Every structure is written in C-alpha cells, then in structure tokens.
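Below is one structure, written out as structure tokens; comments come after it.
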Amino acid sequence: MGGEGGLPIGGEGGLLELRGWVLAEHWFGYGVTATADGPRRVVILARRAFTRRPGVGWVELLREATGWTEPDRCGVDWAATEAALGTALPGDYKDIVDAFGAGSFDEYLDLLVPGALGTDLVSWGQNMARYADLFRPYPVHPAPGGLLTWGTSEQEQTFHWLTGPADPDDWPVLVQYPDGEWQRFDCGTGEFVLRLLTDRTPPFAFPPSAGPFPHWFASYELPEG
C-alpha cells in the first residue's frame, strides 16, 4: 500500500498497470507491479490534496471537492448589491455565488446570497444593527469595521466578515458558535469554505472534514434530479 508517507508502489521492475477512483478525500487504486518473483497485485489508498495550485482558483477547487458541474449561475447584480449594502464585497465570495448560487455545502454551511428567499445577503446585512447585542463584543455593519454575515449553519453557527477600510479580499472570517464564543480565521472566503470541508487540522477541523463521505453542494435553485 502507498499514500501519504507510504511505501513506494513501483516494485523492482516498475508499475505495470494502475486504475484509480476518487471517493471523498481519498484516491483508491488497484495495480500490478513487476517484482523478482513475478507480477504482484497492489491496492493503493492515498489522501487527496486540495491545496491551491498555481493558476487554480478557490472556486475551481470547490468544484473539484464537491463534484459540482453545473454552469455558473451569474444572476446577481453585484453593483446593485454593493450599493444596497454600502460596501464592496470580497471577490472570492462573489465568484462562489456566481458559480454555485444559493444552497448549502455538505448541508452544513448555507450561503447568504443576494435575492435568495430566506438567505438574502442584503436583507440580513441591513437588519444586523437591530440585533447588535447578539454579536458583542464586535460592532456590526454598517458601523465602521463592523461584522457582516455571509453564512449560517443548522448547528447555529454564523459566519461573518470583519469589514474594514482594507480591500474586502483581505477581510478575515469570524465564526460565532452557539455558546457565543468567537473564532477568527485570517483567510478569505474561498479558502475558508474549502478548508471547512476538507481540512482536519486545527483551527479548522469542522464536522464536514471528519466524515468518509463525498462532499457536495445542495442547490436551493435547481430541482433535485
């Protein structure tokens, strides 16, 4: 067997045949190697890597991780959305929405999307000041440097940007847990979503990364088929 830190699989005479399949975060392979005693069958298990590669964006990696093959939605008027909120938004978030639309990653992380029924980013953002006490010690949008919510979870977690004068692409992600505890992640939205699904190492290690099942995106706009 081979894999992360595993044994070489070529044998003395090299690899004669190899077939592979993908399941969730693993590659499974079956092959034949040449040895001094003749052909030898091998089974290979290796962990997939979803680290960002040169020229590959976060959305492409999210498509790869979830098996999402639908064309981009591209239905959001971002200029109108940003005008309604009074702020520009991170580019990788807009790319995710354009690619996936409204829906849920692994039925764990629900995106807030402009115009989506019940999960409208604009209406949530415009109403945050009403519930400012829920987000202490942080100020809330539209206060300078205030929180702006972009995702929710059935586990009662909420996902926010800590806005500020800097480029929105540099806004960190803050997670609020049901007990009121906060955790900060100094990365963009695209990296955060991908690592939420696939990274088992702290400070990530969210529940979706622990299971052996494939990751998926459940669209709220497309019929199940």
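The values are calculated or read from the model by the stated rules, or taken from the named source; none is laboratory data. Note that the structure is predicted; figures quoted are calculated from it, not measured. Note that each Cβ is placed from the backbone with ideal geometry, even for glycine, and that neighbours are counted across all protein chains shown. Remember, those area values only see protein heavy atoms, side chains included, never the ligands or the DNA or RNA. Shrake-Rupley method; radii C 1.70, N 1.55, O 1.52, S 1.80 Å.
Structure data summary
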{"quantity": "Per residue, in Å², the accessible surface of the stretch 180-225 once ligands and nucleic acids are set aside, probe 1.4 Å", "calculated": "54"}
{"quantity": "Ordering of 138-151, 103-116, 61-74 by burial proxy (mean other Cβ atoms within 10 Å per residue, highest first)", "calculated": "103-116, 138-151, 61-74"}
{"quantity": "Phi to ³J(HN,Hα) by Karplus 6.51 cos²θ - 1.76 cosθ + 1.60 over the stretch 137-147, Hz, x for Gly, Pro", "calculated": "x, 8, x, 10, 4, x, 4, x, x, x, 6"}
{"quantity": "W124, W78, W161, ranked by accessible area, largest first (probe 1.4 Å)", "calculated": "W124, W78, W161"}
{"quantity": "Between the stretch 91-105 and the stretch 60-77, the Cα center-to-center distance that results, in Å", "calculated": "7"}
{"quantity": "Cα-derived Rg over Rh, computed across the stretch 105-225 with Rh taken as Kirkwood radius", "calculated": "0.96"}
{"quantity": "Average accessible surface area per residue within the stretch 65-173, 1.4 Å rolling probe, Å²", "calculated": "45"}
{"quantity": "GluC sites (Glu not before Pro) restricted to the stretch 125-225 and DSSP loop, no more than 16 other C-beta within 10 Å", "calculated": "E154, E156, E181, E221, E224"}
